[in-house]
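Chemist: Dropping a structure here in structure tokens format, bear with me for questions.
The values are calculated or read from the model by the stated rules, or taken from the named source; none is laboratory data. Values in this document were obtained by computation on a predicted structure and should not be read as measured data. Note that each Cβ is placed from the backbone with ideal geometry, even for glycine, and that neighbours are counted across all protein chains shown. When the accessible area is computed, the model is the full protein with side chains, heavy atoms only, and any ligands, DNA or RNA have been set aside. Shrake-Rupley method; radii C 1.70, N 1.55, O 1.52, S 1.80 Å.
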Amino acid sequence: MKEGMKAVDFELKDKDGKNIRLINIKSDYTIIYFYPKDNTPGCSIEANEFSNFVEKFRELNTVIIGISGGDEKSKRNFCEKYNLRIILLSDPDFSICKKYNSYGEKIFMGRKFNGIFRNTYVLDKNKNVIKIYENVKAKDHAQEVLKFIRDL
């Protein structure tokens, strides 16, 4: 997946078990961010920051979607724990993460394993990829994306 390409459509379950399909989201912009795991320090920072700016994104007719592994219960617990106001979707087999080049081999403290990369995709209203952020740092990333959309 590269900037300028059509985003891969998907249908995944949210925290309530409701199916959310990308093509059905009607907004000027859609942010899809991939994160490694619910309730981990970096992922909590990123989710909280996106949630804290959700009203500013809504003013720009922008929808925020976070995707990671785990199930709906994990998403629900994560949302309740931090009072998150963004859409979190479950990709238990990582199939969508893989289609968005956001899953693969990682190295942490000398150990190799497969996991989700912290990548963000910004889509326009036609679901074309207009910006990709790869291997982002969780802190202040939401502000970075908000500034990008404001500057369009």
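Chemist: Does the range 77-94 contain at least one residue that is open to solvent by 20 Å² or more (accessible area, probe 1.4 Å), in contact (Cβ under 8 Å) with a residue 60 or more places away in the chain and either more than 19 Å from GLY17 (Cα to Cα) or in a helix (DSSP H, G or I) (or both)?
Modeler: Scanning the range 77-94, I find no residue that is open to solvent by 20 Å² or more (accessible area, probe 1.4 Å), in contact (Cβ under 8 Å) with a residue 60 or more places away in the chain and either more than 19 Å from GLY17 (Cα to Cα) or in a helix (DSSP H, G or I) (or both), so the answer is no.
Chemist: Filter the range 100-127 for residues that are among the hydrophobic types (A, V, I, L, M, F, W, C) and open to solvent by 50 Å² or more (accessible area, probe 1.4 Å); which is farthest from TYR33 (Cα to Cα)?
Modeler: Selected residue: MET109.
Chemist: To continue, here is another question. If you take the residues of the range 4-32 that are in a strand (DSSP E or B) and touching an Asp or Glu at 6+ places or on another chain (Cβ under 7 Å), which of them is most open to solvent (accessible area, probe 1.4 Å)?
Modeler: Within the range 4-32, the match that is most open to solvent (accessible area, probe 1.4 Å) is ARG21.
Chemist: So is LYS98 without any contact (Cβ under 8 Å) to a residue 12 or more places away in the chain and farther than 19 Å from LYS139 by Cα or not?
Modeler: Yes: the conditions hold for LYS98.
Chemist: Please verify whether ILE67 is touching a Phe, Trp or Tyr at 6+ places or on another chain (Cβ under 6 Å), part of a strand (DSSP E or B) and not polar (S, T, N, Q), treating the condition exactly as stated.
Modeler: Considered against the rule, which asks whether it is touching a Phe, Trp or Tyr at 6+ places or on another chain (Cβ under 6 Å), part of a strand (DSSP E or B) and not polar (S, T, N, Q), ILE67 comes out as yes.
Chemist: State which residue is least open to solvent (accessible area, probe 1.4 Å) when the search covers only the range 33-64 and only residues that are in a strand (DSSP E or B) and without any contact (Cβ under 8 Å) to a residue 60 or more places away in the chain.
Modeler: ILE64
Chemist: Considering each of SER95, SER90, SER74, SER102 in turn, give the residue that is farther than 19 Å from ASN24 by Cα and in contact with a helix residue (DSSP H, G or I) (Cβ under 9 Å, 6 or more places away or on another chain).
Modeler: On inspection, the qualifying residue turns out to be SER102.
Chemist: While we're here: What do you reckon, is LYS147 open to solvent by 100 Å² or more (accessible area, probe 1.4 Å), in a loop (DSSP other than H, G, I, E, B), within 20 Å of VAL54 (Cα to Cα) and out of contact with any Cys (no Cβ under 7 Å at 6 or more places or on another chain)?
Modeler: No; evaluated as a whole, the condition is false for this residue.
Chemist: Quick test of your reading of the structure: LYS125 fulfils all but one of (1) closer than 23 Å to SER27 by Cα; (2) not in a loop (DSSP other than H, G, I, E, B). Name the failing condition by number.
Modeler: (2)
Chemist: Here is a further query. Name every residue in the range 128-141 that is closer than 14 Å to SER102 by Cα, among the hydrophobic types (A, V, I, L, M, F, W, C) and either open to solvent by 30 Å² or more (accessible area, probe 1.4 Å) or outside any loop (DSSP other than H, G, I, E, B) (or both), in order of residue number.
Modeler: ILE132
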